[in-house]
Amino acid sequence: MTPLDEAQARIARDISPLAPIEVPLSEARGLVLAQDVTSSEAIPPFANTAMDGFAVRAADTAGASSSNPVTVPVVATVAAGAVAPRALEAGEAMRIMTGAPIPDGADAVIMVELTEAVDDNVKLLAEVEVGNHIRPAGDDLDAGTVIFGPGEVLSPAHLGVCASVGYETVLVHARPRVGVFSTGDELMVGPAPLGPGQIRDSNRPSIVALVEEAGCVAVNLGLLRDDEAEIEAALRSAVGPDATNPVDALITSGGVSMGDFDFVKRVLSRLGDMNWMQVAIKPAKPLAFGMLMGTPIFGLPGNPVSSMVSFELFARPSLLTMMGRSSTSRPVAFALADEPMRRPADGKTHFARVIASPEPDGTWRIRSAGGQGSHQLTAMARANALAVLPDGTGVDAGGRVQIMLLDQ
Ligand code: AMP
Ligand code: MG
């Protein structure tokens, strides 16, 4: 058996980020920058008011209070997006709205709550200091600042910053297009009740959704019979010189273990440069990984839980690397087991499907999410974490267990 970290390292050797492309900001969320983002202007570009109120000279408010107001004439109104018609003189006020430029001659803003308008005058009810409620030009960014660089994952706030400095498009690593197909004669069911020996294809919907959740584009290549010619035709439609619907990576499920009808294995052995691994984990021991006409292909095991766990451990980190991410693992934490988590010693690391709940103090607690068979997908659906149980006999109630959080 291949140790897990060795299998992961074997795969990582063949995976690299996709070439950068230019995309509009509206399509860039979650993608990884491949350029510097620079502010050509200061942000904010001009001094402006943080409050609705009155622009004044601070010196004019000396000694002002609600019992001893200072009354000055209001000589103009400045809205956001406008500029004052003239400079403010000593002994004057201008009504000003949040975001409007500070008029020349003013050095403070007194908020509207500390004033009382009377006809064309305003009573100032408090003393303010020079600079009060003024956001100076360049308070956020100086002109010429390199704000973000290659490798930065574009969050909603990043996109806002890019827009504020005038970017409409950015250079990012492309979202991989990932072909997904299922194989197995037992899956060829009609709309009617299941025939003898038949089950429905659950892997494709799960894997397609995992691919999309990772931020990639899933290309659904359908359900294939256990038939060499059909499998080869599907592969050639997705990769290589004759591809009609080319993808950047391929994920199959089923047909890669030791059975007599594991045709995916036969086709890939012939067409691809493959590694057939028995990884020292449970579930998801069989794994095929290789390059098929220059494109990485993951042959995940057929059992539904195995295919999802295998995706988590091998395919997802690779897809994130292709997107240019440097951090490719799910968040890990330590949790306390609410019940014994037993397992036999078998030379494998076990990944138990668990429900993890945070206590108010941040401690995680875990309990089994249900049946732990590799065909028991309901427990995977209920789980929000995988508990990593190293080789051995497991832990007692209250024991400490490392968990991989699946929903963050
Ligand atoms: P295989 O790796 O093809 O031998 O499949 C292992 C087990 O997973 C068998 O019980 C298959 O019926 C089941 N299986 C394979 N593919 C799927 C699928 N797409 N959806 C649900 N079960 C599957
Ligand atoms: Mg099969």
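The values are calculated or read from the model by the stated rules, or taken from the named source; none is laboratory data. Owing to the predicted nature of the structure, the values given are computational and were not obtained by experimental measurement. Heads up, the Cβs are rebuilt from the backbone with ideal geometry, glycines too, and the neighbour counts pull from every protein chain shown.
Data table
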{"read-out": "Check on residue 345, surrounded by 24 or more Cβ atoms within 10 Å (Cβ to Cβ) and either away from ligand 2 (no atom under 16 Å from the Cβ) or in contact (Cβ under 8 Å) with a residue 24 or more places away in the chain (or both)", "value": "no"}
{"read-out": "Single unsatisfied condition, residue 253 versus (1) closer than 28 Å to residue 176 by Cβ; (2) at pLDDT 95 or above; (3) under 27 Å from the mean Cα position of the chain (by Cα); (4) not aromatic (Phe, Trp, Tyr)", "value": "(2)"}
{"read-out": "Filter result (buried (at least 20 other Cβ atoms within 10 Å of the Cβ) and in a loop (DSSP other than H, G, I, E, B)) within the range 175-194", "value": "175, 176, 184"}
{"read-out": "Selection count, the range 7-21, where residues are surrounded by 13 or more Cβ atoms within 10 Å (Cβ to Cβ) and either modelled with pLDDT under 95 or of a type in the set (D, E, K, R) (or both)", "value": "2"}
{"read-out": "Test: residue in the range 208-226 that is touching a residue at least 12 places away in the same chain (Cβ under 8 Å), within 29 Å of the chain's Cα centre (by Cα) and at positive phi", "value": "yes"}
{"read-out": "In the range 178-193, residue nearest to residue 252 (Cα to Cα) [restricted to those that are at pLDDT 95 or above and more than 14 Å from ligand 2 (Cβ to nearest atom)]", "value": "180"}
{"read-out": "Residue 251 vs. criteria touching a residue at least 40 places away in the same chain (Cβ under 8 Å), farther than 22 Å from residue 402 by Cβ, more than 16 Å from ligand 2 (Cβ to nearest atom) and not assigned by TED's automatic domain parsing to the domain that holds residue 28", "value": "no"}
{"read-out": "The range 234-291: number of residues that are within 16 Å of ligand 1 (Cβ to nearest atom) and in a strand (DSSP E or B)", "value": "15"}
